[in-house]
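Read-outs: derived from the displayed coordinates by stated rules, not from any lab. The structure displayed is predicted, hence computed values, not measured ones. So basically every Cβ, Gly included, is an ideal-geometry build from the backbone, and we count neighbours across all protein chains shown.
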Amino acid sequence: MKIDRLIGILSVLLQKEKTTAPELAERFEVSRRTINRDIEDLCKAGIPIRTAQGTGGGISIMNGYRMDRTILTSKDMQMILAGLRGLDSVSGSRYYGQLMEKIQAGSSEFISGRDSILIDLSSWYRETLAPKIETIQDAIGARHLVRFRYYAPSGESERTVEPYYLVFRWSSWYLWGWCKDRKDFRLFKLNRMDGVQEMGEVFECRDVSMPDLSNEKIFPGEIKVKALFEPDQKWRLVEEFGPNCFTETGDGKLLFTAEYTDMENLITWLMVFGDKAEVLEPQEARDAIAQMVRRMMKIYRGDAAL
């Protein structure tokens, strides 16, 4: 539709300092003559567009032009503010708060109604999380290396990383970057990082694409799990794995089936349920839990004897 193309052209002009009619024609798959007519229509609508012929010429929009209600709807503005509030919840500065004030001040008559979406990305660790995010953001912008101590199941280590992306996924914040110690891209959980420092050393940006953070890529299912759960644990299974992760047996118990990535994490997860769950497969997990229970009984029986 023409109106969609006009909005698309305006969006390009607001993001780029200058473009050309052939570039726009190729982008929107229309003729140059159609683009020229679209530019005329935008000018008639009061949008200050400049065109220049010859070498170095092109199509541009006047500096300082601000989009108004002809571009963004009230719902659009509400979604923008909801996103900014979410980022503000983990911000260590006043940047996002000030940005929201600017938007609201310039569109006070345009933003109406109560906020319907509230986003808080800070989790339980805001006091320690916000400074890490701010430091990493600054380092990404300046192309500076970051250094930190990392706590992983395999042990503690000092890491020096080229930071590329801050990622919020699986209810936690992560850093995606090139680890100079491991010579590969790695995903680091911010809550496991300590002493995050922006180094003065500048790195040359690699040709890096957005990380593939699909569950299949990061958590490949290699361990097939079967377990029986008590009926009153249905809500927990639905919350973590969805309503299709189990079938109800004749006696009302829940037969759970899934694929897990790490045996240690699987055992830890099953132990949280106590006597509300019985693992059937794999046998390795069943044996490990039995041994763990025997050791716990020895510990607590010893305490009772005292």
Original post:
What list of whole percents do you get for P(r) of region 2-61, with Cα-Cα distances grouped in 5 Å bins up to the one holding the largest distance?
Top reply: 4, 19, 35, 29, 11, 2, 0
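Can you tell me which of 276-285, 45-54, 23-32 comes out highest on packing, and rank the rest after it, using the mean Cβ neighbours within 10 Å?
276-285, 23-32, 45-54
How much length is gained on full extension from E40 to A52, taking 0.36 nm per residue of separation minus their Cα-Cα distance?
2.9 nm
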